[in-house]
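Please read the structure below before turning to the comments.
Each reported figure results from applying straightforward, stated rules to the coordinates on display, with no laboratory input. Since the structure is predicted, the reported quantities are computational estimates derived from the model, not experimental observations. Methodologically, a virtual Cβ is constructed for each residue, glycine included, from the backbone with ideal geometry; neighbour enumeration extends over all protein chains shown.
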Amino acid sequence: MKIVTPYQTEESKKEQVAQMFDNIAYRYDFLNSLLSLGIHKGWRKKCVKLLIPHKPKTILDVATGTADFAMECAKLKPKQIIGVDISEGMMKFGREKIKKAQLEKLITLEYGDAETLTLASDYFDAIVVGFGVRNFENLEKGLVNLKRVLKPGGKLVVLEFSNPRNGFIKSLYYFYFNKVTPFIGRIFSKDVRAYTYLPESVKAFPDNEKFVEILDRLGFKDAAYQSLSFGIAAIYRASK
Ligand SMILES: C[S@@+](CC[C@H](N)C(=O)[O-])C[C@H]1O[C@@H](n2cnc3c(N)ncnc32)[C@H](O)[C@@H]1O
């Protein structure tokens, strides 16, 4: 798999990714809503609905960023939600939102790298990852770690951008992602590379069937995916 990095420097992908999200954190929520026209919120809701029948009590939000997914998971009324991320800058905004929503007793955010998680094994009833796996330096190492901390029978739900298959949608999507997104992103975030890295990393990501194959190979059970919004994103589900 081709490794796409934000700044194409000597530093590791992980260092560059953390740096990039620290840089754009102050604009992340605003740009997410602007660039996706708010659609991303509905996608997270859809993911969380899939977990309702499983009544998870302990939930881990990996690559939590500004904590939108963790806060959506609060609707499942679990006992504990932990969000982990490698960007302290993103989590600073997440913590402010959690405090404002008076969810501090339920949700805690802590520094944590998906690839080297130090959390207890077989602990979480559910793990969610929103737009995170594409940014892992070593995708499989990250997924193996998520499996380790998931309880046997626990559920994994991953939300990620994908590359649409329909020719017409594909041309529109690439035009929007390659031209409009970097232009708007550059104006508002002041990070020239961040919103150019976005389409590059989506293109390089093993999406749809390929991601399901990886989950299967790593020993997850019942792995499946569902395309969202004409195939511009997908939800992946699996169990341990
Ligand atoms: C696009 S943001 C997604 C934030 C949030 N999950 C959401 O749904 O909006 C990607 C996040 O992944 C984090 N990230 C990237 N690699 C990571 C890793 N190995 N472990 C933990 N977090 C990581 C980044 O720091 C960033 O905050």
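Among the residues of the stretch 93-110, those that are under 20 Å from residue 48 (Cβ atoms), among the charged types (D, E, K, R) and part of a helix (DSSP H, G or I) comprise 97, 100.
Between 64, 116, the distinction of being near the ligand (Cβ under 10 Å from one of its atoms) and either more than 17 Å from residue 135 (Cβ to Cβ) or within 15 Å of the chain's Cα centre (by Cα) (or both) belongs to 64 only. Restricting to the stretch 41-92, what's the tally of residues that are part of a helix (DSSP H, G or I) and surrounded by fewer than 18 Cβ atoms within 10 Å (Cβ to Cβ)? Total satisfying the criteria: 13. Taking the stretch 122-240 as the region of interest, the helices (runs of 4 or more DSSP H) fully inside it that hold 2 or more residues being buried (at least 18 other Cβ atoms within 10 Å of the Cβ) are 139-149, 181-189, 194-204, 209-217.
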